[in-house]
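None of the figures in this text is laboratory data; all of them are computed from the coordinates on show. Just so we're clear, the structure is a prediction, and the values are computed from it rather than from any experiment. Heads up, the Cβs are rebuilt from the backbone with ideal geometry, glycines too, and the neighbour counts pull from every protein chain shown.
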Amino acid sequence: MAYAEIVDGPLDIERVAARVTAPEFGAVVTFSGNVRDNSRGERVRYLVYDSYRPMAEKELLVVASEAEAKWSVRCAIEHRLGRVDVGVCSVIIAVASPHRVDAFDAARWLMDALKERVPIWKKEYYESGARWVEGSDVVDTAE
Amino acid sequence: MTLTLLFFASYTDIAGASELTADLADGSTVGDVAVWLVERYPRFAEILPKGRIAVNQEFAPSTLALADGDEVAFMPPMSGG
């Protein structure tokens, strides 16, 4: 049974991994997406994540459930909203499977699917100004 | 019928709001709402095709017929993670 949550506070990788750990799973792959200090040549101070929250909650669970249908895995995802500082993690994925290959493959697929289909957007804040990230584009903002 | 339109990320800047109300003829589709929006906010003409539209929190094709009270979300390409 897949687990997916949108959360407002700090994430904890052990807490997410505990959601999928079980005696029959010999492999647990965890992925932590952390805020990088630079983007397209700009020095990033922090990010702010916004979402279409009710749909993002549903879609996160949909992608996690799809991964469980495609591979022999159990999946857990937490994504944070609001301000996240450089070096701090904004998303955690944990995938458990009997053997490692499925867990690695599913974790990678999950992260790609999340970026493509889950309605969450990040805004990058620089020394001066801020821009929305939209797919592979950045869009200047009035702020 | 009356629809609630939602906007996210840079679309909020273009619409000047995160939420608008639209009155359209009965039988209107998702495509008709997009036309309604472009007529009022021409900057969407170039930008909307890059994004996606959801109705009541489900991705929707432009041919989908809408009902009174539907929530139509206009979403730019996503950037979670």
Those residues of the stretch B:53-81 that are in a strand (DSSP E or B) and touching a residue at least 12 places away in the same chain (Cβ under 8 Å) come to a total of 9
Log entry, pairs with first residue in the stretch B:13-40 being more than 13 Å from B:Val55 (Cβ to Cβ), second being assigned to a strand (DSSP E or B) and among the β-branched types (Val, Ile, Thr), beta carbons closer than 7 Å, six or more apart or on different chains, reads B:Glu19/B:Thr4; B:Thr21/B:Thr2; B:Thr21/B:Thr4; B:Asp23/B:Thr2
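Given the residues A:Val138, A:Val133, A:Val101, which is the only one that is more than 7 Å from chain B (Cβ to nearest Cβ), of a type in the set (A, V, I, L, M), in a strand (DSSP E or B) and farther than 17 Å from A:Ile13 by Cα?
Numbers: A:Val133 fails: more than 7 Å from chain B (Cβ to nearest Cβ); A:Val101 fails: in a strand (DSSP E or B).
The conditions single out A:Val138.
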B:Leu5 passes all but one of the listed conditions (1) in a loop (DSSP other than H, G, I, E, B); (2) touching a residue at least 60 places away in the same chain (Cβ under 8 Å); (3) within 27 Å of A:Leu60 (Cβ to Cβ); the exception is number (1)
In the stretch B:7-28, anything touching a helix residue (DSSP H, G or I) at 6+ places or on another chain (Cβ under 9 Å) and either among the hydroxyl-bearing types (Ser, Thr, Tyr) or surrounded by 14 or more Cβ atoms within 10 Å (Cβ to Cβ) (or both) is listed as B:Phe7, B:Ser10, B:Tyr11, B:Ile14, B:Ala15, B:Ser18, B:Leu20, B:Ala22, B:Leu24, B:Ser28
